[in-house]
Protein chains: 2
Amino acid sequence: MDFEEKTTRRKEIFKGHIFDVAVDDVELPNGLGQAKRELVFHKGAVAVLAVTPERKIVIVKQYRKAIEDLSYEIPAGKLEVGENGSEMEAAARELEEETGYRADLTFLYEFYTAIGFCNEKIKLYLADNLEKVPNPRPQDDDEVLELFELTYEECMDLVASGAIRDAKTLIALQYFALHFGGK
Amino acid sequence: MDFEEKTTRRKEIFKGHIFDVAVDDVELPNGLGQAKRELVFHKGAVAVLAVTPERKIVIVKQYRKAIEDLSYEIPAGKLEVGENGSEMEAAARELEEETGYRADLTFLYEFYTAIGFCNEKIKLYLADNLEKVPNPRPQDDDEVLELFELTYEECMDLVASGAIRDAKTLIALQYFALHFGGK
């Protein structure tokens, strides 16, 4: 059985700052004919499960325009141009900008967020030995954030209420439960 | 502190079969000025953690055009028009089409996959008491799938090798570990 879909034509729809969009005509394998694939191309992102010495989890509250609602999430940010070779530095930068912490980072997982149509890949790091930076890098000037340090149980209350409903944050919380014995 | 971003203008970029794209001009809260938000709108999807009586996990191998590579994932599919009120039926349909199984379904979680720019929401179900259907609904005619039934340890080998690198599948495997005692 063959799986590969060969592109016969690509139509570029949009070139943005955050993502590009294209529609590909593809030749299906095994003589199945043609199909169209609507695609979103994204530079990737990093996310950080930051655990304080008191075993609390750093959570950022922010407004998400895509869902027109508030969201509670672990700190995260897009990779910027030229950062592909140093995702860990990008994770350290996002952690400092969003939370004012420096920390020791350990790579946990990488995953595609919406593999059916989008190539966004998130690299997830664990941050421990957190230390407050005296003069942290400033937040991005179009971000309004509120910080919380929550126990695992408080986080799971936010999952139950629907305030946490973000894939990367769920992955981080389940990692915490599996490796720090959340419950 | 105020969080909401008010839309002052929406530019529609693309209307697709799988997603739409728009760029919003927004008024930031707290007098921070203006910003642009690039947005992808998606109808949502369902995914199924299907566990056999032998405690194996049903995994689908398929080609994913967005990453130009093969991917091993739990069964999943987009919601079709008019299915918003019956996501569990959509999950049962996807399970039958992709695997030939009927099962008892239990809702586990819902989560946004790429909340920074996209409103795709996945509802994840647990399927147990699996039964092979004598004449299952056919697969979509543009999908080429290969089925596996794998132990949790075999799935984690695929995570380690990079063959599983899909957020919804990671969430399902972590759920399995936490609730079925993966290890």
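Rule-based calculations on the coordinates, nothing more; no lab input. Remember, it's a predicted structure, so these values are computed and weren't measured experimentally. All Cβ positions, glycine included, derive from the backbone under ideal geometry; neighbour counts span all protein chains shown.
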Partner chain Cβ atoms within 10 Å, averaged over the residues of A:16-23 - can you pull that number for me? 5
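Let's test the formula: R0 of 51 Å, r as the Cβ-Cβ distance of B:Ala160 and A:Arg102. What FRET efficiency results, to the nearest 0.05? Can you show the working numbers first?
Details: r = 29 Å, r/R0 = 0.58.
Efficiency, rounded to the nearest 0.05: 0.95.
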With the cut-off at 1.5 for a/c, could you classify the protein assembly as shown from its C-alpha gyration tensor as rounded, prolate or oblate? oblate
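Compare the peptides B:50-63, B:144-157, A:44-57 by average per-residue count of other Cβ atoms within 10 angstrom and give them in order, highest first.
Working: B:50-63: 18.0, B:144-157: 15.4, A:44-57: 19.9.
Final packing ranking: A:44-57, B:50-63, B:144-157.
With a/c under 1.5 counting as rounded, go ahead and sort the range B:67-183 into rounded, prolate or oblate using the C-alpha gyration tensor (a ≥ b ≥ c being the square roots of the eigenvalues; past the cut-off, prolate if a/b is larger than b/c, else oblate).
Rounded.
Within 10 Å of each Cβ in B:61-72, how many Cβ atoms from other chains are there, averaged over the peptide? Working shown, then result.
Values: counts 2, 3, 7, 9, 14, 16, 7, 5, 5, 2, 4, 0.
Whole-number average of other-chain Cβ neighbours for B:61-72 is 6.
Could you work out the relative contact order of chain B? I mean the mean sequence separation of Cα pairs under 8 Å and 6+ apart, divided by the number of residues, in percent.
Details: 351 pairs, mean separation 38.8, N = 183.
It rounds to 21 percent for chain B.
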Residue by residue through the range B:55-68, what is 3J(HN,Hα) from phi via Karplus (6.51 cos²θ - 1.76 cosθ + 1.60, θ = phi - 60°)? Round to whole Hz and write x for glycine and proline. 6, 9, 10, 7, 10, 10, 9, 7, 8, 10, 4, 4, 10, 6
Farthest towards the positive end of the dipole of the range A:125-179, among A:Tyr175, A:Leu158, A:Asn129 and with Cβ unit charges of +1 on Lys and Arg and -1 on Asp and Glu, lies the Cα of A:Tyr175
Can you list residues from other chains, or at least 5 along the same chain, whose modelled amide H is less than 5 Å from the amide H of A:Ile115? B:Ala167
Using θ = phi - 60° and the Karplus curve 6.51 cos²θ - 1.76 cosθ + 1.60, what whole-Hz ³J(HN,Hα) does each residue of the range B:115-122 get, with Gly and Pro shown as x? 5, x, 8, 9, 9, 4, 10, 9
Where in the range B:132-170 does the amide nitrogen come within less than 11 Å of the point 7 Å from the Cα of B:Glu54, taken along Cα to Cβ? B:149-151
Calculate one ³J(HN,Hα) per residue across the range B:164-177 by plugging θ = phi - 60° into the Karplus curve 6.51 cos²θ - 1.76 cosθ + 1.60, and present them in order as whole Hz with x for glycine and proline. 9, 8, 10, 4, 5, 6, 4, 4, 5, 5, 5, 4, 4, 4
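When you look at the Cβ of every residue in B:29-39, what mean number of other chain Cβ atoms sits within 10 Å?
On the way: counts 2, 1, 0, 4, 2, 1, 5, 5, 5, 10, 7.
The per-residue average across the peptide is 4.
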